[in-house]
1. Looking at the range 2-59 only, could you name the residues that are farther than 22 Å from Ala77 by Cα, assigned to a loop (DSSP other than H, G, I, E, B) and of a type in the set (A, V, I, L, M, F, W, C)?
2. If I ask for residues that are of a type in the set (A, V, I, L, M, F, W, C) and out of contact with any strand residue (DSSP E or B) (no Cβ under 8 Å at 6 or more places or on another chain), which ones from the range 1-38 would you list?
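Bear in mind these aren't lab numbers, they're just calculated from the coordinates by the rules spelled out. This is a predicted model, so every value here is computed, not measured. All Cβ positions, glycine included, derive from the backbone under ideal geometry; neighbour counts span all protein chains shown.
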Amino acid sequence: MRVSKKTDYALRALFTLVEHYNRGPIPIRELARRNDVPKRFLEHIMLDLKAKGWVSSVPGLRGGYVLAKKPGQITMARWCAASTAFWPRLAASRFRATNVAPRNRSAGSGASSSTPGIM
């Protein structure tokens with residue numbers, strides 16, 4: 001599955017903040033350098049992440065970004081559910097709902113057939 005650049009860069013930044021958890025804020029310039037991301041693009045991404053509650057910003061000379069959640073609370077399932085940047089690419093991927101077999105039920109028994117599917 002392919003994801004957008006925005007999603008890719010956001011995940012890179014989050015992983016960097018997870019690695020740096022409880023060691024103080026990381027300046028945007030350093031986040032961009034560590035993740036090989038254009039600083040101006042990352043600034044917009046970090047503002048989105050901040051608005052959604054994933055990161056917090058610390059103002060000042062020694063400021064930057066920190067995780068707003070504990071690393072154990074961050075899962076791919078939560079990220080995918082919350083990320084608007086993720087879903088448009090998923091819809092455009094090659095996956096189609098018609099590729100999923102419907103669940104067959106025997107007449108009146110309620111038992112499923114040997115063909116698994118998603119309902």
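1. Scanning the range 2-59 gives a single hit, Val37.
2. Restricting attention to the range 1-38, the residues satisfying the condition of being of a type in the set (A, V, I, L, M, F, W, C) are 1, 3, 10-11, 13-15, 17-18, 26, 28, 31-32, 37.
Residues satisfying the conditions are Met1, Val3, Ala10, Leu11, Phe15, Ala32, Val37.
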